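S.K.: First, the structure itself, so that you have it in front of you.
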Amino acid sequence: EQLERVADDVMILRFKLPANERLQYRAGQYIEFLLKDGKRRSFSMANAPHDDALIELHIRHLPGGLFTDRVFGVSVPALKVRDILRFEGAHGSFYLRDDSDKPIILLASGTGFAPIKAIVEHMIHSGNVRPVVLYWGGRRPRDLYLDELACSWAAQHPQWFRYVPVVSDALPEDAWDGRTGFVHRAVMQDLPDLSGYQVYACGAPVVVDSARVDFTTQCNLPEADFFADSFVVAAQADAVATAASK
């Protein structure tokens, strides 16, 4: 239905299911597109289940990517409005555990913000006011492509929601005066003791893996309270699948 470019390398894709169809899912889960050559590409839903007139995905361009080159019009045929896509889902165990009242750390890098967005919107809709701090990291400020949305959540729900953007490689022209460094390290600086928290982390594997190790070994976070969804590059996933089939 829609292709909206929100950064040089990030596209928001919105699609509609056939008439009278509904996708049953939990905020934070993902779907798999089925490509013609049998390969699959996974993307997390960025909208909460209550707001499902259109399914929203945040897609980062990976040059040479079988699917993302089409989304960004680099390869032929380019993806366009009214194209038909096939997918399976929903999949995944990355969703909010409603049986806990522990405060929450949401940790996102890049387009790992997508399922985090769905979780926050689900909390707002359901009236869940567990304390939340969102840490969103990018290399440069432009990588925080929906920064204004996250700021609006903090402004509208100051009683329970806080937002901390973190940039690792800002350039002088960015005029960045916010937090710098690795995003998970910002969490550790602010909250050296995570023993009473739940953490939901999504994004690049190096970010997720580093957070898991450092939070559990240095910040007393119970392993059972760390929930994660790593965004594995498609080429790596294809290599693993090929090896597994041999």
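S.K.: Can you order the peptides 53-59, 64-70, 196-202, 27-33 by their average number of other Cβ atoms within 10 Å per residue, highest first?
M.R.: Per-residue mean Cβ counts within 10 Å order the peptides as 196-202, 27-33, 53-59, 64-70.
S.K.: With every protein chain present, what accessible area does K80 have (1.4 Å probe, heavy atoms only), rounded to the nearest 10 Å²?
M.R.: 130
S.K.: Note down the net charge around T217, summing +1 for each Lys or Arg and -1 for each Asp or Glu among other residues with Cβ under 15 Å from its Cβ.
M.R.: Working: positive: R185, R212; negative: D193, D209, D214, E223, D225.
Charge balance near T217 sits at -3.
S.K.: Which one of T68, A46, A78 has its Cα pushed farthest toward the positive end of the charge dipole of segment 45-89, where Lys and Arg give +1 and Asp and Glu give -1 at the Cβ?
M.R.: So the residue furthest toward the plus end is A78.
S.K.: For a label point 7 Å from the Cα of Q189 along Cα→C-beta, name the residues of segment 139-161 whose backbone N is under 17 Å from it.
M.R.: Zone members listed by number: 139-141.
S.K.: Can I ask one more? Anyone know which of V213, V183, V71 comes out most mobile in the 10 Å Cα GNM of the chain?
M.R.: Residue with maximal mean-square fluctuation among V213, V183, V71: V213.
S.K.: Now for a separate question. Taking 25 Å as R0, compute the FRET efficiency from the Cβ-Cβ separation of Q159 and E223 and round it to 0.05.
M.R.: The pair Q159/E223 has a calculated efficiency of 0.25.
S.K.: Pull out the extension gain between V76 and R14, defined as 0.36 nm times the separation in residues minus the alpha carbon to alpha carbon distance; nm, one decimal.
M.R.: Stretched fully, the V76-R14 segment lengthens by 20.3 nm.
S.K.: For the chain, with a Gaussian network of springs between Cα atoms less than 10 Å apart, report the residue from D83, D209, D143 with the top mean-square fluctuation.
M.R.: Greatest mean-square fluctuation among the candidates belongs to D83.
S.K.: Match the structure shown to one of the listed values (i) 19.0, 54; (ii) 16.8, 50; (iii) 18.0, 54 of Rg and Dmax of the Cα atoms in Å, computed from it, and give that label.
M.R.: (iii)
S.K.: Continuing with the same structure: Would you give the gap between the C-alpha center of segment 1-77 and the C-alpha center of segment 196-211, rounded to a whole Å?
M.R.: 23
The values are calculated or read from the model by the stated rules, or taken from the named source; none is laboratory data. Predicted model only: the values in this text are computed from it and were never measured. Note that we place each Cβ from the backbone using ideal geometry, even for glycine, and neighbour counts take in every protein chain shown. Just so you know, the surface numbers come from the protein's heavy atoms only, side chains and all, with ligands and any DNA or RNA stripped out. Shrake-Rupley method; radii C 1.70, N 1.55, O 1.52, S 1.80 Å.
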